[in-house]
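Scroll down for the structure; my scribbles are underneath it.
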Amino acid sequence: MSVTQKDFENAMNQVKLLKKDPGNEVKLKLYALYKQATEGPCNIPKPGAFDFVNKAKWDAWNGLGSLPKETARQNYVDLVSSLSGPSSESSSQVKPGADSKQEGYENLLVTSEDRITKILLNRPTKKNAITTQMYHEIMLALKAASQDDSVLTVLTGSGDYYCSGNDLTNFTDIPPGGVEEKAKNSSFLLRDFVNCFIDFPKPLVAVVNGPAVGISVTILGLFDIVYASDRATFHTPFSHLGQSPEGCSSYTFPKIMGSSKAAEMLIFGKKLTAGEACAQGLVTQVFPDSTFQKEVWTRLKAYSKLPPNAMRISKEIIRKNEKEKLHAVNAEECNVLLSRWQSDECMNAVVNFLSRKAKL
Ligand SMILES: CCCCCCCCCCC/C=C/C(=O)SCCNC(=O)CCNC(=O)[C@H](O)C(C)(C)COP(=O)(O)OP(=O)(O)OC[C@H]1O[C@@H](n2cnc3c(N)ncnc32)[C@H](O)[C@@H]1OP(=O)(O)O
C-alpha cells in the first residue's frame, strides 16, 4: 500500500524524536530520500571537494538517480519505522488504561489516571517555553490522547509558570536555506500544531497553574474548559515582539470577549489577571492558588465519570459549525506570521530578549 503525505509527515516528526543518534550514514540516507521525495532527482550543482558536508549530502541525493518521488517517500517512511524503537512508538501509541505513564517525551510528562490523560509541560527552568521539539511532542501526545481510553484530556504546566509561550531560541536555529526556509517550516509547524487543537475530539481542559504567555494563551480559545489559579496571568505581547496573533485568537478572542477587549490584549499586549480573564469569558473559573490543584482535580475526576460518548458527541455538536472557519483563520494567521517573522521588528525584539542577560 502506498504511503500518504500524512504518513510521510508523521515519519518526519518521528525522526526529530529519535532517542538515539542513528549515525551519519543513516542521516545521509534520510536526507537523500527526503530531498528525492520532495524535490525529485538532485537539481543542485556539485559542491567543491573541500565542502565535505555538502558534498556528502550531494553524493547521497545524486546517488538516488531518477528514483520516483513516491518510492523515495515509501523508502523514507520504511527507514524511519525501522529506526523507531519501542520508546518512540510509545509516544504515538498511548497505552490505554489507568495509572499509566507514557515514556518517550523529552519535555512532557504524559500520564493517564482516572480516565483523564494529563499532558504536563515539563520544562520549569525555562518557564515551560515551547521548543520546536515540544510542538511535535504536544501534537503526538494529543494524537495519542485522542485514541486512548481516557475521556478527558488536560494540559497543564510544571513549576511556577503555565507556559511562557514560544521558546524564543526557536529563532536562532537557522537552516542552510536561511530565515525564509525557517519561517516557512515554522509556519507549517504552527498550522499543524493549532489544527490538532481545533480537531481534538474529546473534552479538552487547560489547568492554568501560573502565568501564561503568547501561544499558550491564544489556544485557550480552542479549549472546552479553562481553570486558572489566582496566580495566573494572561499575556499576548505580539506587537512588542513584532508579531501578530495566532492560535485562531484573531477570531476566537473577539468572539469570546468583544472586539475592543480583544484588541487591548492582542494589539496592545494588555496583561490580564485571572479574575479579569474570567470576567472576559476566556477563563471558566478561578481558584485560590492554595487549593487550586485539589479543587480542580476533584472536579475533573467527577466529570470524568460522565458517559464518554455523550461528552464527545456534545463537544462535536458544539464545535462542528466552527471548524471550517477555524481552519481558515489558522491558515491565514500562519501566513501573516510567515512575513512577520522575517521583519526587522520581530528580529530586533528577539535579539533584545536573547541578549538581555548579557546587558545586565
Ligand atoms: C524565523 C522564524 C522562526 C519562527 C519560530 C516560531 C515557531 C512558532 C511560533 C508560534 C507563535 C508563538 C508566539 C508566542 O508565543 S509569543 C510569546 C513568546 N514569549 C515571550 O515573549 C516570553 C519571553 N520570556 C519572558 O518575557 C520572561 O522570561 C518571563 C516573563 C516569561 C519570565 O521572566 P522571569 O524574570 O520570571 O524569568 P526569566 O526571564 O529569568 O526566565 C527563566 C529562564 O527561562 C527562559 N525563558 C523564559 N521564557 C522563555 C521563552 N519564551 N523563550 C526562551 N527562553 C525563555 C529565560 O531565558 C531564562 O533562561 P536562563 O535562566 O537560561 O537565562
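Tally the residues that are within 18 Å of T236 (Cα to Cα) and either small (G, A, S) or away from the ligand (no atom under 16 Å from the Cβ) (or both), restricting the search to region 157-179.
Qualifying residue count for the region: 3.
Considering R340, R356, which residue is within 12 Å of the ligand (Cβ to nearest atom) and loosely packed, with under 14 Cβ neighbours inside 10 Å?
Working: R340 fails: loosely packed, with under 14 Cβ neighbours inside 10 Å.
Unique residue meeting the criteria: R356.
Yes/no matrix, rows are residues, columns are (1) in contact with a Pro (Cβ under 9 Å, 6 or more places away or on another chain); (2) surrounded by fewer than 22 Cβ atoms within 10 Å (Cβ to Cβ):
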{"position": "V154", "(1), (2)": "no, no"}
{"position": "N166", "(1), (2)": "no, no"}
{"position": "D173", "(1), (2)": "no, yes"}
{"position": "E181", "(1), (2)": "yes, yes"}
{"position": "L204", "(1), (2)": "no, no"}
{"position": "G210", "(1), (2)": "no, no"}
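Looking at region 346-353, can you tell me whether even one residue there is more than 16 Å from the ligand (Cβ to nearest atom) and either touching an Asp or Glu at 6+ places or on another chain (Cβ under 7 Å) or among the small types (G, A, S) (or both)?
Of region 346-353, the ones more than 16 Å from the ligand (Cβ to nearest atom) are none.
Scanning region 346-353, I find no residue that is more than 16 Å from the ligand (Cβ to nearest atom) and either touching an Asp or Glu at 6+ places or on another chain (Cβ under 7 Å) or among the small types (G, A, S) (or both), so the answer is no.
Just to be sure I understand the filter: pairs with C-beta atoms under 6 Å, separated by 6 or more residues or on different chains, first member in region 68-81 and within 8 Å of Q36 (Cβ to Cβ), second member of a type outside the set (A, V, I, L, M, F, W, C). Which pairs pass?
K69/G40; A72/Q36
Could you count how many residues in region 256-283 are out of contact with any helix residue (DSSP H, G or I) (no Cβ under 9 Å at 6 or more places or on another chain) and in a loop (DSSP other than H, G, I, E, B)?
4
When both residues are 6+ apart or on different chains and their Cβ atoms are under 7 Å apart, which pairs have a first residue that lies in region 19-32 and is in contact (Cβ under 8 Å) with a residue 60 or more places away in the chain, and a second that is assigned to a loop (DSSP other than H, G, I, E, B)?
Cβ pairs passing all conditions: K19/G85.
Would you be able to tell me the number of residues in region 216-232 that are within 15 Å of the ligand (Cβ to nearest atom) and either closer than 23 Å to I318 by Cα or in contact with a Phe, Trp or Tyr (Cβ under 6 Å, 6 or more places away or on another chain) (or both)? If you could, list the steps in order and put the result at the bottom.
Kept after step one, since they are within 15 Å of the ligand (Cβ to nearest atom), are these residues of region 216-232: 216-222, 231-232.
The next check asks that each one be either closer than 23 Å to I318 by Cα or in contact with a Phe, Trp or Tyr (Cβ under 6 Å, 6 or more places away or on another chain) (or both); those that pass are 216-222.
Number of matching residues: 7.
Which of the residues spanning region 40-53 are under 23 Å from N185 (Cα atoms) and either touching a residue at least 12 places away in the same chain (Cβ under 8 Å) or hydroxyl-bearing (S, T, Y) (or both)? Break it down stepwise before answering.
First, pick out the residues of region 40-53 that are under 23 Å from N185 (Cα atoms): 40-44, 53.
If the condition is that a residue be under 23 Å from N185 (Cα atoms) and either touching a residue at least 12 places away in the same chain (Cβ under 8 Å) or hydroxyl-bearing (S, T, Y) (or both), then G40, P41, C42, I44 are the ones that fit.
Can you list residue pairs whose Cβ atoms sit under 6 Å apart, with the first residue in region 157-172 being closer than 13 Å to A349 by Cα and the second being among the hydrophobic types (A, V, I, L, M, F, W, C) and part of a helix (DSSP H, G or I)? Count only pairs 6 or more apart in sequence or on different chains.
Going by the 6 Å Cβ cut-off, the qualifying pairs are L168/V350; L168/F353; F171/V350.
Would you be able to tell me the number of residues in region 30-58 that are surrounded by 13 or more Cβ atoms within 10 Å (Cβ to Cβ), in a helix (DSSP H, G or I) and modelled with pLDDT under 85?
3
Out of the residues in region 181-212 meeting the condition of being free of Cβ contacts under 8 Å to residues at least 60 places away in the same chain and aliphatic (A, V, I, L, M), tell me which one is nearest to A262 (Cα to Cα).
Ranking the candidates gives A212 first.
What number of residues within region 215-237 satisfy the criterion of being buried (at least 24 other Cβ atoms within 10 Å of the Cβ) and part of a loop (DSSP other than H, G, I, E, B)?
Total meeting the criteria: 2.
Here's the yes/no breakdown for (1) in contact with a Lys or Arg (Cβ under 8 Å, 6 or more places away or on another chain); (2) at pLDDT 95 or above; (3) away from the ligand (no atom under 14 Å from the Cβ):
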position: P96; (1), (2), (3): no, no, yes
position: L120; (1), (2), (3): no, yes, yes
position: P124; (1), (2), (3): no, yes, no
position: I130; (1), (2), (3): no, yes, no
position: H136; (1), (2), (3): yes, yes, no
position: V151; (1), (2), (3): yes, yes, yes
position: V154; (1), (2), (3): yes, yes, yes
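Looking at the structure I just gave you, is A145 more than 12 Å from the ligand (Cβ to nearest atom), in contact with a Leu (Cβ under 8 Å, 6 or more places away or on another chain) and part of a helix (DSSP H, G or I)? Please lay out each step first, then the result.
Numbers: more than 12 Å from the ligand (Cβ to nearest atom): yes; in contact with a Leu (Cβ under 8 Å, 6 or more places away or on another chain): no; part of a helix (DSSP H, G or I): yes.
So A145 does not fit the description; no.
Which residue out of V336, V329, V296, V286 is at pLDDT 95 or above and in a strand (DSSP E or B)?
Details: V336 fails: in a strand (DSSP E or B); V329 fails: in a strand (DSSP E or B); V296 fails: in a strand (DSSP E or B).
After ruling out the rest, the residue left standing is V286.
Is it the case that L140 is in contact (Cβ under 8 Å) with a residue 60 or more places away in the chain and either in a strand (DSSP E or B) or buried (at least 24 other Cβ atoms within 10 Å of the Cβ) (or both)? Steps first, answer last, please.
Details: in contact (Cβ under 8 Å) with a residue 60 or more places away in the chain: yes; either in a strand (DSSP E or B) or buried (at least 24 other Cβ atoms within 10 Å of the Cβ) (or both): yes.
Considered against the rule, which asks whether it is in contact (Cβ under 8 Å) with a residue 60 or more places away in the chain and either in a strand (DSSP E or B) or buried (at least 24 other Cβ atoms within 10 Å of the Cβ) (or both), L140 comes out as yes.
Please work out if Q293 is touching a residue at least 24 places away in the same chain (Cβ under 8 Å) and either surrounded by fewer than 14 Cβ atoms within 10 Å (Cβ to Cβ) or closer than 29 Å to N195 by Cβ (or both). If you could, list the steps in order and put the result at the bottom.
Values: touching a residue at least 24 places away in the same chain (Cβ under 8 Å): yes; either surrounded by fewer than 14 Cβ atoms within 10 Å (Cβ to Cβ) or closer than 29 Å to N195 by Cβ (or both): no.
No.
Among the hydrophobic types (A, V, I, L, M, F, W, C), closer than 24 Å to N321 by Cα, near the ligand (Cβ under 8 Å from one of its atoms) and in a helix (DSSP H, G or I): which single residue out of F193, F253 fits that description? Quick ask: steps written out before the conclusion?
Details: F253 fails: near the ligand (Cβ under 8 Å from one of its atoms).
Sole residue among the options that is among the hydrophobic types (A, V, I, L, M, F, W, C), closer than 24 Å to N321 by Cα, near the ligand (Cβ under 8 Å from one of its atoms) and in a helix (DSSP H, G or I): F193.
The values are calculated or read from the model by the stated rules, or taken from the named source; none is laboratory data. None of the values given here were measured: they were computed from a predicted structure. Quick reminder, even Gly has a Cβ in these numbers, built from the backbone with ideal geometry, and neighbours come from all protein chains shown.
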